[in-house]
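Enquirer: Here you go, one structure.
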Amino acid sequence: MKDKKPRTKLVHGGTKRSQWGEVSEAIFLTQGFVYDNAEQAEQRFIKSGPDEYIYARYGNPTVAMFEERIAMLEGAEDAFATASGMAAVNGALMSMLKAGDHLVSARALFGSCLYIVEDILPRFGVEVTLVDGADLDQWRAAVRPDTKAVFFESMSNPTLELVDIQAVSEIAHAQGALVVVDNVFSTPVFSDALGQGADVIVYSSTKHIDGQGRTLGGVILGTREHIRKVVEPYMKHTGGSMSPFTAWVQLKGLETLDLRVRAQAQSAQAIAEALEGHAKLKQVIYPGLPSHKQAALAQRQMGSGGTMLAIELEGGKAAAFAFLNALDVIVISNNLGDAKSIVTHPATTTHQRLSAEQRQTLGITDGLVRLSVGIEDTDDLIDDILTALDTA
Ligand SMILES: Cc1ncc(COP(=O)(O)O)c(C=O)c1O
């Protein structure tokens, strides 16, 4: 399947059939595996082959199918599936860093990612420098010979600022640092992060990959050497592996990923165009709009504006809450990438933990609303938003 187009890989990649020849991938909901004899058990513990399993925290056939399918799509040599997106971010960073190492990270991060780089890593002796991810001069100034890794979200949550993967990778590689990218907002459909220079990619597969709001999951992708020698030992011994049930749900999610994400991005573009210039809005932030300050980078890096947009209402929190409460089709929640369109008020929910000053630096104002565009009819979504803006 490796030479096939993305949609074909997403439907067939990684599939292994049991002796029954099932069409839909089997779910191996088992913790352990039976050995033919004691010698075989001993041998598996010395070295397990690709289709030989010991225990589901170490690996499982359904999870392996998921890992192979997403790795094939990303063009990665290997992948390790995790229990959540945060298990992936934590695993990717903790497995490669040790006391005395230096990490440079973009400042505009999802709250839990920021907690890892700002609170957890320094507790274990990792020095962290935070930079404005869009400012290449800050990356150049911060990355030094002892920098072990750089970390950023390729598109930030919730203000949709892009980091130039290729440029930051060149800066990092010049000093021998690895590039770790949280690629959730860019989605596996619109990303070529490895091709653009990243070494390790992490996803919260809870988002677009599940795509229907059911399971938590994550994945770390990279070279076989890095995944098996660095990531796997950390993950399998610390317990952040993906469950076979999740892997099965998300394998089915991968089958429709390309169709869903492209439809979502098309709607997001139409919604952004319909809303830009609206009297009740201070701004519409969407990387697919020519008015976005990184529109050219978005086209070069992703070929799309993505599935997320942010709008800033005149009138602060009161106006934002009135708008949220007036929506009919679009639901209020804090997830993203779902088939259902979702609105979030980041200042009071996902980014509540930040100080008012930090929120201001990141542009997370009280009037800012994040919209994750689903797969409903575009016209219904636009009607819903315009009616709610009239009411608000
Ligand atoms: C950019 C980003 N990274 C990581 C995560 C964490 O993912 P999970 O909720 O699956 O742990 C999220 C969740 O919203 C996110 O937006």
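Enquirer: So for segment 102-113 (the condition being in contact (Cβ under 8 Å) with a residue 40 or more places away in the chain and more than 29 Å from Pro346 (Cα to Cα)), does at least one residue qualify?
Expert: yes
Enquirer: Related question: Being part of a loop (DSSP other than H, G, I, E, B) and under 15 Å from Ala193 (Cβ atoms) is the filter here, so list the residues in segment 159-173 that pass it.
Expert: Of everything in segment 159-173, those that are part of a loop (DSSP other than H, G, I, E, B) and under 15 Å from Ala193 (Cβ atoms) turn out to be Val163, Asp164.
Enquirer: Restricting attention to segment 27-45, which residues are surrounded by 13 or more Cβ atoms within 10 Å (Cβ to Cβ), in contact (Cβ under 8 Å) with a residue 24 or more places away in the chain and of a type in the set (S, T, N, Q)?
Expert: The answer is Thr30, and nothing else.
Enquirer: Pairs needed: first member in segment 302-326, touching a residue at least 60 places away in the same chain (Cβ under 8 Å) and farther than 13 Å from Thr391 by Cβ; second member anywhere, among the hydroxyl-bearing types (Ser, Thr, Tyr) and buried (at least 20 other Cβ atoms within 10 Å of the Cβ); C-beta distance under 7 Å; at least 6 residues apart or different chains.
Expert: Listed pairs, sorted by first residue: Met302/Ser186; Met302/Ser191; Gly306/Ser186; Gly306/Thr187; Thr307/Thr187; Thr307/Ser372; Met308/Ser372; Leu309/Tyr286.
Enquirer: Further question on the same structure: Can you find a residue in segment 161-175 that is within 16 Å of the ligand (Cβ to nearest atom), within 27 Å of Pro50 (Cα to Cα) and modelled with pLDDT of 95 or more?
Expert: No: zero hits.
Enquirer: So which helices (runs of 4 or more DSSP H) are wholly in segment 1-113 and hold at least 3 residues that are over 20 Å from Pro188 (Cα atoms), more than 20 Å from the chain's Cα centre (by Cα) and at pLDDT 95 or above? Talk me through it step by step, then tell me what you get.
Expert: Numbers: elements: 6-12, 38-46, 61-74, 85-96.
Of the helices (runs of 4 or more DSSP H) lying wholly inside segment 1-113, those with at least 3 residues that are over 20 Å from Pro188 (Cα atoms), more than 20 Å from the chain's Cα centre (by Cα) and at pLDDT 95 or above span 38-46.
Enquirer: Tell me the helices (runs of 4 or more DSSP H) entirely within segment 296-392 that contain at least 3 residues that are surrounded by fewer than 21 Cβ atoms within 10 Å (Cβ to Cβ), at pLDDT below 95 and at negative phi. Please lay out each step first, then the result.
Expert: Numbers: elements: 316-326, 356-362, 378-391.
So the answer is 356-362.
Enquirer: Are any residues in segment 84-115 surrounded by 20 or more Cβ atoms within 10 Å (Cβ to Cβ) and over 27 Å from Arg140 (Cα atoms), and if so, which ones?
Expert: Gly85, Met86, Ala87
Enquirer: Continuing with this model, one more query. Looking at segment 343-367, I want the residues that are free of Cβ contacts under 8 Å to residues at least 60 places away in the same chain and have a partner that is surrounded by fewer than 18 Cβ atoms within 10 Å (Cβ to Cβ) and assigned to a loop (DSSP other than H, G, I, E, B) with Cβ atoms under 6 Å, at least 6 apart or on another chain. Which pairs are those?
Expert: Thr349/Asn334
Enquirer: Could you list, in sequence order, all residues of segment 184-199 that are hydroxyl-bearing (Ser, Thr, Tyr) and either under 14 Å from Met72 (Cα atoms) or surrounded by fewer than 22 Cβ atoms within 10 Å (Cβ to Cβ) (or both)?
Expert: Hit for segment 184-199 is Ser191, nothing else.
To keep it simple, each residue is scored yes or no on (1) away from the ligand (no atom under 16 Å from the Cβ); (2) not acidic (Asp, Glu).
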{"position": "Ile120", "(1), (2)": "no, yes"}
{"position": "Glu127", "(1), (2)": "yes, no"}
{"position": "Asp132", "(1), (2)": "yes, no"}
{"position": "Gln138", "(1), (2)": "yes, yes"}
{"position": "Pro188", "(1), (2)": "no, yes"}
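Enquirer: Further, regarding this structure: Being crowded, with 24+ Cβ neighbours inside 10 Å and either near the ligand (Cβ under 8 Å from one of its atoms) or not in a loop (DSSP other than H, G, I, E, B) (or both) is the filter here; which residues of segment 208-218 pass it?
Expert: The answer is Gly217, Gly218.
Enquirer: Here is a follow-up. So how many residues does segment 280-313 have that are under 13 Å from Asp164 (Cα atoms) and touching a His at 6+ places or on another chain (Cβ under 9 Å)?
Expert: Total meeting the criteria: 1.
Enquirer: Same structure again: Search segment 333-364 for residues being away from the ligand (no atom under 14 Å from the Cβ) and under 29 Å from Leu257 (Cβ atoms), and hand back the single one that is farthest from the chain's Cα centre (by Cα).
Expert: His345
Enquirer: Looking at Ile165, Ile120, which is the one that is surrounded by 21 or more Cβ atoms within 10 Å (Cβ to Cβ), of a type in the set (A, V, I, L, M) and on the phi < 0 side of the Ramachandran plot?
Expert: Sole residue among the options that is surrounded by 21 or more Cβ atoms within 10 Å (Cβ to Cβ), of a type in the set (A, V, I, L, M) and on the phi < 0 side of the Ramachandran plot: Ile165.
Enquirer: Sticking with this structure for a sec: Any residue in segment 242-264 that is in contact with a helix residue (DSSP H, G or I) (Cβ under 7 Å, 6 or more places away or on another chain), under 18 Å from Phe66 (Cα atoms) and not in a helix (DSSP H, G or I)?
Expert: yes
The values are calculated or read from the model by the stated rules, or taken from the named source; none is laboratory data. Predicted model, so just to flag it, every value in this text is computed and none were measured. Reconstructed Cβ throughout: ideal geometry from the backbone, glycine too, with neighbour counts over all protein chains shown.
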